[in-house]
Amino acid sequence: MKRLAIFAAAWIGIAAIPALAGDLQPGTMAPGFTLPSQSNTPISLSQYRGKWVVLYFYPKDMTPGCTLEAHNFQRDLSKFTAANAVVLGVSLDTPQSHATFCSKESLTFKLLADPKHKVVDEYGVPIRHFGIVNIAARQTFLINPQGKIVKVWPDVDQDIKDHSAQVLAAIQADGK
């Protein structure tokens, strides 16, 4: 039913529906997954048990907003590492597109390819349709070291510039 509502909203031109961001609310266990990274290596959420996971969904490699968001996560990466956190980006792009994006923008964290939107759907992230191009909405899930979702940012588009700092502050506040 949720997929049908998201499809219908996209079909009639609604860009995103934060209220339909999924049933994954703080306190629920994060769904497990395995997706290929920019090096085509399979990455599983379970690899990071015991660490904070910043799971951020973004629309498209090499676009202005996504580049800004990725640069800010890269800029703060040492702070995330110091807080026992990893950053994982997910989009509908391919591993090859991610490899090009990482190389061009000097990104060193993992970008995961979900072209069939399996994980995007499982996390309830809306898909926007632009002609023949589908993109995931910009949303972030903060997962604690025990695998529970502790915070969800359902509409990051409004604050891309400060988003990395907001996520880092949430980890530091929750970890005290």
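The values are calculated or read from the model by the stated rules, or taken from the named source; none is laboratory data. Keep in mind the model is a prediction, meaning the values are calculated, not measured. No Cβ is skipped: glycine too gets one built from the backbone with ideal geometry, and neighbour counts run over all protein chains shown.
Here are the numbers for the structure shown:
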item: Residue tally, condition small (Gly, Ala, Ser) and surrounded by fewer than 14 Cβ atoms within 10 Å (Cβ to Cβ), over the stretch 101-138; result: 3
item: Search result, residues across the stretch 88-100 that are buried (at least 21 other Cβ atoms within 10 Å of the Cβ) and not in a loop (DSSP other than H, G, I, E, B); result: 88, 89, 90, 91, 98
item: Of residues in the stretch 64-80 being in contact with a strand residue (DSSP E or B) (Cβ under 9 Å, 6 or more places away or on another chain) and not charged (D, E, K, R), the one nearest to residue 51 (Cα to Cα); result: 80
item: Checking residue 103 against (1) more than 14 Å from the chain's Cα centre (by Cα); (2) outside any strand (DSSP E or B); (3) closer than 16 Å to residue 45 by Cα, the condition it does not meet; result: (3)
item: Condition met for residue 145 (free of Cβ contacts under 8 Å to residues at least 24 places away in the same chain, not basic (Lys, Arg) and not in a helix (DSSP H, G or I)); result: no
item: Selection from the stretch 20-40 of residues that are modelled with pLDDT of 95 or more and outside any loop (DSSP other than H, G, I, E, B); result: 29, 34, 35, 36, 37
item: Residue in the stretch 41-64 that is assigned to a helix (DSSP H, G or I) and farther than 21 Å from residue 150 by Cα present; result: yes
item: Some residue of the stretch 122-131 being of a type outside the set (Val, Ile, Thr), assigned to a strand (DSSP E or B), over 16 Å from residue 167 (Cβ atoms) and touching a residue at least 40 places away in the same chain (Cβ under 8 Å); result: yes
item: Count of residues meeting criterion [in contact with a Ser or Thr (Cβ under 8 Å, 6 or more places away or on another chain) and of a type in the set (Phe, Trp, Tyr)] in the stretch 62-88; result: 1
item: Selection within the stretch 139-160 - crowded, with 16+ Cβ neighbours inside 10 Å, at pLDDT 95 or above and not hydrophobic (A, V, I, L, M, F, W, C); result: 139, 140, 144, 147, 151
item: Residue check, residue 176 at pLDDT 95 or above and either assigned to a strand (DSSP E or B) or of a type outside the set (Gly, Ala, Ser) (or both); result: no
